[in-house]
Amino acid sequence: MKIINLISGPRNLSTALMYSFAQREEMTVLDEPFYGYYLHNATIETEHPSQKEILQTMDLKRENIVNTINSLSEKKNVFVKGMAHHYLTATPTFILQWKNVILIRHPKKLIASFSKVIHTPTLNDIGIKKAAELFLFLEESGQTPIVIDSDELLKNPETYLKKLCSLLNLPFSKKMLQWEKGGIPEDGIWAEHWYTNVHNSKGFALQKSSSQPLPEHLEPVLKEALPYYETLKNNILIND
């Protein structure tokens, strides 16, 4: 069975993509299984919504989390939705056995949206630097990941998902284009803070955050993020 490992940043359309893969009968989806591990081990400047509950309910040991993912894949394909910055090591060798997909979004849109929940995000909070580092790690290890872009996906979700499924050696299913409103059982306990848009949706759609202005105090974060975004942008799967 396959383990599809989505490496994303926050507010990148990653939850919608998780919902999409959750519609496949042969697929188990996991929502940010390394989140508790990250909060327990990283130096974090701002407390995250539901942080206490996450630390109390999630496995905090990386080895246990990896073993659980690998065990699940013995029965069904597994789709892991994760944040790039949750990988605290520079060389997470365990992902070399998985099929890795990096999801990006222009950092101006990402930061503007993220700041609605965490008002003063840093470069490390948005994951783009770590995503670029993981891309290079995977490339140098002979496991170049697929890079996809949320704006490209929204141009024509069906065409883009067909291309992605082809690269993953999976048959495309039209079920991936729609879901019921209100969330899925696999949602993390943080969903109430972050998933309002996708809970109100029935499929892929342009979000209001795509056009909201970037707060002036976050311009330096955008400037820091752009070089890493450009590194990844040069490798994205194009929707044409």
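State whether the residues of the stretch 155-164 include one that is in contact (Cβ under 8 Å) with a residue 12 or more places away in the chain, farther than 18 Å from GLY82 by Cβ and among the β-branched types (Val, Ile, Thr). Write out each step before concluding.
Applying the first criterion (in contact (Cβ under 8 Å) with a residue 12 or more places away in the chain) to the stretch 155-164 yields 155-161, 163-164.
Subsequent filtering for residues that are farther than 18 Å from GLY82 by Cβ retains 155-161, 163.
With among the β-branched types (Val, Ile, Thr) added as a condition, the list becomes 159.
Yes.
Among ASN77, ASN67, which is farther than 22 Å from TYR19 by Cβ, modelled with pLDDT of 95 or more and over 17 Å from the mean Cα position of the chain (by Cα)? Exactly one residue qualifies, and that residue is ASN67.
When the stretch 113-124 is limited to residues that are part of a helix (DSSP H, G or I) and not aromatic (Phe, Trp, Tyr), the one that is nearest to GLY203 (Cα to Cα) turns out to be SER113. For PRO10, the conditions (1) out of contact with any Leu (no Cβ under 6 Å at 6 or more places or on another chain); (2) at pLDDT 95 or above are fulfilled apart from (2). Applying the criterion of at least 1 residues that are farther than 25 Å from LEU88 by Cβ and among the aromatic types (Phe, Trp, Tyr) to the helices (runs of 4 or more DSSP H) found wholly in the stretch 125-240 leaves 157-167. Of the residues in the stretch 185-197, none is under 15 Å from PHE21 (Cβ atoms) and among the polar types (S, T, N, Q).
If you go through the stretch 165-190, how many residues are touching a residue at least 40 places away in the same chain (Cβ under 8 Å) and of a type outside the set (Val, Ile, Thr)? Steps first, answer last, please.
Of the stretch 165-190, the ones touching a residue at least 40 places away in the same chain (Cβ under 8 Å) are 167-170, 173, 175-179, 184, 186-190.
Filter once more, so that each one left must be of a type outside the set (Val, Ile, Thr): 167-170, 173, 175-179, 186-188, 190.
Going through the stretch 165-190 one residue at a time, the tally reaches 14.
Looking at LEU6, LEU55, LEU60, can you tell me which residue is under 25 Å from PHE172 (Cα atoms) and either buried (at least 19 other Cβ atoms within 10 Å of the Cβ) or free of Cβ contacts under 8 Å to residues at least 40 places away in the same chain (or both)?
On the way: LEU55 fails: under 25 Å from PHE172 (Cα atoms); LEU60 fails: under 25 Å from PHE172 (Cα atoms).
Checking each option against the conditions leaves just LEU6.
What are the residues in the stretch 111-137 that are in contact with a Pro (Cβ under 7 Å, 6 or more places away or on another chain) and either free of Cβ contacts under 8 Å to residues at least 40 places away in the same chain or crowded, with 21+ Cβ neighbours inside 10 Å (or both), if any? Spell out the reasoning first.
So in the stretch 111-137, the residues in contact with a Pro (Cβ under 7 Å, 6 or more places away or on another chain) come out as 111-112, 114-115, 117, 126-128, 135.
Once the filter is applied, which keeps residues that are in contact with a Pro (Cβ under 7 Å, 6 or more places away or on another chain) and either free of Cβ contacts under 8 Å to residues at least 40 places away in the same chain or crowded, with 21+ Cβ neighbours inside 10 Å (or both), the stretch 111-137 yields ILE111, PHE114, SER115, ILE126, GLY127, ILE128, PHE135.
The C-beta contact set for the stretch 226-240 (first residue under 12 Å from VAL147 (Cβ atoms) and in contact (Cβ under 8 Å) with a residue 24 or more places away in the chain, second residue among the β-branched types (Val, Ile, Thr) and not in a helix (DSSP H, G or I), distance under 6 angstrom, 6+ apart or interchain) comprises LEU232/ILE104; LEU232/VAL147; ASN235/VAL147; ILE236/VAL147; LEU237/ILE148.
Any chance you could count how many residues in the stretch 80-97 are buried (at least 21 other Cβ atoms within 10 Å of the Cβ) and over 21 Å from ALA16 (Cα atoms)? Before the answer, list the steps.
Pass one, the stretch 80-97, residues buried (at least 21 other Cβ atoms within 10 Å of the Cβ): 80-87, 95.
Still in the running and over 21 Å from ALA16 (Cα atoms): 87, 95.
Qualifying residue count, the stretch 80-97: 2.
What residue, of GLY142, GLY183, is at pLDDT below 95 and either surrounded by fewer than 15 Cβ atoms within 10 Å (Cβ to Cβ) or not hydrophobic (A, V, I, L, M, F, W, C) (or both)?
Working: GLY142 fails: at pLDDT below 95.
From the options GLY142, GLY183, the qualifying one is GLY183.
The values are calculated or read from the model by the stated rules, or taken from the named source; none is laboratory data. Bear in mind the structure is a predicted one, so any value in this text is a computation, not a measurement. When we count neighbours, we look across all protein chains shown, and the Cβ atoms used for this are built from the backbone with ideal geometry, even at glycine.
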